Every structure is written in structure tokens, then in C-alpha cells.
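**Student:** The structure follows.
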Amino acid sequence: MTFPDGLRLDNIYVPAGGAIPDPEINDKFAHKLDFLEEMTDWITGERDPVARRILAGDFNIAPLENDVWSHKQLIRAVSHTPVEVETLARLSASHDWTDVVRHFVPASEKLYSWWPYRSGRDWSAKDHGRRLDHIWVTPALVPSLRSCQTLRHMREHEQPSDHVPVVATLEFPG
């Protein structure tokens with residue numbers, strides 16, 4: 001969506017990729033990687049150094065070690081494999097995106113936006129989460145960033161989603 005002042009918002013959903021992180025035997029995982037490559041090509045083709053763009057949504061990838069409850073145990077799990085992280089990094093570099101969440105929360109801190117339903121009511125105590133939901137901005141919007149919150153408390157609702165909202169606040173002059 002493009003707003004009158006030239007601000008553009010793209011809300012995306014990256015396919016989850018199935019359970020097996022091998023594109024040779026898992027078509028869903030292959031599709032996920034292909035989707036990310038196509039996104040990278042699309043963004044690269046539209047690259048503009050002064051663009052005011054926001055890319056947000058469920059990326060289904062937890063790129064950093066502290067974006068998962070156990071890097072060691074999840075390094076071979078879909079959503080945190082090296083090939084997904086590397087492919088997402090290429091997408092990030094395609095327009096010099098800033099990860100808004102990590103702009104405000106250091107990469108040294110654990111932070112999640114998704115918890116599996118199988119954790120049940122004990123999801124918070126187990127805290128086996130992943131940060132799959134992202135908001136990125138182009139360099140032109142970084143000075144407008146004011147805050148970002150991951151609304152963890154929303155997971156406590158009666159019938160919650162397995163994802164919680166991630167909310168960024170930007171302030172524009174005028």
C-alpha cells in the first residue's frame with residue numbers, strides 16, 4: 001500500500017516451509033526458499049536510496065541466536081536453519097533494511113513473537129518461542145522510529161493466536 005506522502009507499506013507472509021529443512025525432499029521448504037529469492041529480486045529491482053518503505057509480516061524465520069529459545073537445539077529446525085537465515089540476510093541487504101525490533105532491543109536479549117500451541121497453558125513458563133514476525137524499514141525511515149513493542153501479553157487471551165502483535169511507532173514531522 002502506498003500512502004499519499006510516498007510512504008509504502010508491504011505486508012508479507014513467507015510460507016512456513018513444512019517440517020523438513022531439505023528442499024530436495026520437501027517441496028514446501030523449496031517453495032519457501034524460492035519465495036524469499038523472488039522477494040529479494042523484486043525488492044532489489046525497486047531499490048531507491050530515498051525510498052520510504054516498511055516491510056512487515058510473518059517472515060517465518062528467526063534469524064538471530066536469541067530469536068529462538070535454543071539456538072543449539074533449533075539450528076536444524078525449519079525457521080532457524082542456516083540456509084533460511086542466509087537467504088533472509090540477502091533480502092535484508094537488498095534495500096539496506098533496518099530490523100525495527102532489534103533497533104530497539106539488543107540482539108543479546110531473547111525475544112519471541114510466536115509460541116507453539118502444543119506448549120498449552122504453560123507456554124510462558126516453558127518459553128519455547130521464536131521471533132518470526134518482523135518490521136523492517138528503509139534507511140530513510142530510521143530517523144522516524146520512536147518505539148517498537150512485541151505484545152507478549154496478547155498470548156494470554158482466551159483463544160490466542162500462536163503469534164503476538166509486533167507494533168512499531170514512527171513519527172513524521174509536520
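The values are calculated or read from the model by the stated rules, or taken from the named source; none is laboratory data. What you see is a predicted model, and the numbers here were worked out from it, not measured in a lab. Methodologically, a virtual Cβ is constructed for each residue, glycine included, from the backbone with ideal geometry; neighbour enumeration extends over all protein chains shown. In case anyone asks, the SASA skips ligands and DNA or RNA and just uses the protein heavy atoms, side chains included. Shrake-Rupley method; radii C 1.70, N 1.55, O 1.52, S 1.80 Å.
**Student:** Using 1/(1 + (r/R0)^6) with R0 = 30 angstrom and r between the beta carbons of Ile75 and Arg121, what's the FRET efficiency to the nearest 0.05?
**Tutor:** Efficiency, from the Cβ-Cβ distance: 0.60.
**Student:** Given the peptides 20-26, 97-103, 127-133, arrange them by the average over their residues of other C-beta atoms within 10 Å, most packed first.
**Tutor:** The most tightly packed comes first, giving 127-133, 97-103, 20-26.
**Student:** Grab the other residues whose beta carbon is less than 11 angstrom from that of Asp34, score K and R as +1, D and E as -1, and report the net.
**Tutor:** -2
**Student:** OK, next. Starting from the Cα of Arg47, move 7 Å in the Cα-to-Cβ direction to define the label point; list residues of region 96-113 whose amide nitrogen is under 18 Å from there.
**Tutor:** 96-99
**Student:** Length gain on complete extension for the stretch Asp96 to Asn26, per 0.36 nm per residue less the alpha carbon to alpha carbon distance?
**Tutor:** Gain on stretching Asp96 to Asn26: 22.1 nm.
**Student:** Let me know the whole percent of all Cα-Cα pairs from the chain that are separated by more than 23 Å.
**Tutor:** 42 percent
**Student:** Then there is this: Tally up the carbon and sulfur contribution to the accessible surface of region 23-174 as a whole percent, 1.4 Å probe, everything protein left in place.
**Tutor:** The computed percentage sits at 52.
**Student:** Over 23 Å, how big is the tail of the calculated P(r) for region 12-113, in percent of all Cα pairs?
**Tutor:** I get 27 percent for the Cα pairs in region 12-113 exceeding 23 Å.
**Student:** Let me ask something else about it. With the dipole of region 86-174 worked out from charges on the C-beta (+1 for Lys and Arg, -1 for Asp and Glu) around the Cα centre, which of Ser147, His128, Trp97 lies farthest toward the positive end?
**Tutor:** It is His128.
**Student:** Given Cα pairs under 8 Å that are at least 6 residues apart, what percent is the relative contact order of the chain?
**Tutor:** About 23 percent, as a whole number.
**Student:** Mind checking the per residue accessible area of the chain for me, 1.4 Å probe, whole number of Å²?
**Tutor:** In whole numbers, the chain has 54 Å² accessible per residue.
**Student:** Now, a different point. Please state, as a whole number in µm²/s, the translational diffusion coefficient that the Stokes-Einstein equation yields for region 1-69 at 10 °C and 1.306 mPa s, with Rh defined as the Kirkwood radius across alpha carbon pairs.
**Tutor:** For the chosen part, D equals 114 µm²/s.
**Student:** Follow-up. Filter the GluC sites (Glu not before Pro) in region 27-85 to those in DSSP coil with at most 14 other Cβ atoms within 10 Å of their Cβ, and list the result.
**Tutor:** Within region 27-85, the qualifying GluC sites (Glu not before Pro) (loop, at most 14 other Cβ atoms within 10 Å) are Glu46.
**Student:** Once the cut-off is 16 Å, how many percent of the Cα-Cα pairs in region 77-136 end up in the long-distance tail?
**Tutor:** Here the tail beyond 16 Å accounts for 56 percent of pairs.
**Student:** Then there's this: Taking just the alpha-carbon atoms of region 102-147, what radius of gyration and Dmax come out, in angstrom?
**Tutor:** Radius of gyration, then largest Cα-Cα span, for region 102-147: 14.2, 42 Å.
**Student:** Here's something else I'd like to know. Using the Cα centre of the chain as the reference point, and only Cβ charges (+1 on K/R, -1 on D/E), how large is the resulting charge dipole? Debye, rounded to the nearest 20.
**Tutor:** Taking the Cα centre of the chain as origin, the dipole is about 540 debye.
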